[in-house]
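**Q** Dropping a structure here in structure tokens format, bear with me for questions.
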Amino acid sequence: MISELDHHIGRILDNLEKLSLTENTIVVFTSDHGEWLGEHLRYGKGYLGHDCVSRVPLIIRYPRKIAKGKNVTQIVEGIDVVPSLLDYSGIPIPQHLQGPPLTKVIQNDDNKQNSIALTEMEGWKTIRIE
């Protein structure tokens, strides 16, 4: 599954390059949550509290604004993605969006904006701290 995903992401990136769209295209790779695949003797969805559920990939590729190989290690949340895309695109961020844009954090990892993240499901809540 991973090699197939890698292959098809490569096809997308190759086509962006062929069409000369790489510099002007923001590519986001992420997931909504992780899965329990036997860790802690649990399988499936619905359990909170461990990294395999709350720690998911988030890769943002935008060669025009983000340096190749940039790695941000601080806590960010899914609600931060849309404000980030709007900010990078020069579109005003509507007041009703809850997440802050990650643009300053990406440019300078020392720029702390979140130190906690909340995960909740069916009445259960988990708070993640650095």
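**Q** Give the number of residues within region 59-95 that are in a helix (DSSP H, G or I) and in contact with a Leu (Cβ under 7 Å, 6 or more places away or on another chain).
**A** Looking only at region 59-95, we keep the residues that are in a helix (DSSP H, G or I), and these are 78-88.
Narrowing the set further to residues that are in contact with a Leu (Cβ under 7 Å, 6 or more places away or on another chain) leaves 80, 82-84.
Here the count works out to 4.
**Q** With the checklist (1) surrounded by 10 or more Cβ atoms within 10 Å (Cβ to Cβ); (2) modelled with pLDDT of 95 or more in hand, flag the one item Arg128 doesn't pass.
**A** Evaluating Arg128 over (1) surrounded by 10 or more Cβ atoms within 10 Å (Cβ to Cβ); (2) modelled with pLDDT of 95 or more leaves (2) as the failure.
**Q** To continue, here is another question. In region 7-39, which residues are more than 24 Å from Arg64 (Cβ to Cβ) and surrounded by 10 or more Cβ atoms within 10 Å (Cβ to Cβ)?
**A** First pass over region 7-39, keeping only residues more than 24 Å from Arg64 (Cβ to Cβ): 7, 31-39.
Ser31, His33, Gly34, Glu35, Trp36, Glu39 - these are the residues of region 7-39 that are more than 24 Å from Arg64 (Cβ to Cβ) and surrounded by 10 or more Cβ atoms within 10 Å (Cβ to Cβ).
**Q** In this structure, does Ser3 turn out to be at pLDDT 90 or above, farther than 24 Å from Leu102 by Cβ and in a loop (DSSP other than H, G, I, E, B)? Steps first, please.
**A** Working: at pLDDT 90 or above: yes; farther than 24 Å from Leu102 by Cβ: yes; in a loop (DSSP other than H, G, I, E, B): no.
No, not satisfied.
**Q** Looking only at region 73-109, which residues are farther than 18 Å from Val27 by Cα, surrounded by 14 or more Cβ atoms within 10 Å (Cβ to Cβ) and of a type in the set (A, V, I, L, M, F, W, C)?
**A** Ile75, Ile93
**Q** Suppose we filter Val82, Val28 for residues that are modelled with pLDDT of 95 or more and in contact with a strand residue (DSSP E or B) (Cβ under 6 Å, 6 or more places away or on another chain); which single one remains? If you could, list the steps in order and put the result at the bottom.
**A** On the way: Val82 fails: in contact with a strand residue (DSSP E or B) (Cβ under 6 Å, 6 or more places away or on another chain).
So the residue among Val82, Val28 that is modelled with pLDDT of 95 or more and in contact with a strand residue (DSSP E or B) (Cβ under 6 Å, 6 or more places away or on another chain) is Val28.
The values are calculated or read from the model by the stated rules, or taken from the named source; none is laboratory data. Not measured: the values here are computed from a predicted model. Quick reminder, even Gly has a Cβ in these numbers, built from the backbone with ideal geometry, and neighbours come from all protein chains shown.
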